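Every number here is computed from the coordinates shown, using simple stated rules; none is lab data. Predicted, not measured: the structure shown is a model, and the values here were computed from it. Don't worry about glycine lacking a Cβ; one is built from the backbone with ideal geometry, like all the others, and counts go over all protein chains shown.
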Amino acid sequence: MATVQQQQQEQEQQIKSTEKRKPVFVKVDHLKPGTKGHTLIAKVLSSNMVLQKGRAASQHLRQTRIAECLIGDETGTVLFTARNDQ
């Protein structure tokens, strides 16, 4: 049986795991290759659908869509790969 202290620790860990960190907005010129998890405010300059596949006959499989988008802000532009509803 778990003690009261162990139960409290488990509850605290669950709360910590669901807490979101505040977004830190960055500009395009601060991005580095191979990094992820950035939050940007950018304008979509162009968009090109490069893949659209799926099975309409099956209800549990959804369509896959991939588009290459040129996005940017006042500091520069980057090529962004958007998936599905992004």
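So which lysines pass the test for Lys20, namely a Cα distance under 27 Å, with those fewer than 8 places away in the same chain ruled out?
Filter leaves Lys32, Lys36, Lys43.
Starting from the Cα of Lys43, step 7 Å toward the Cβ, then list every residue of the range 69-85 with an amide N under 15 Å from that point.
70-78
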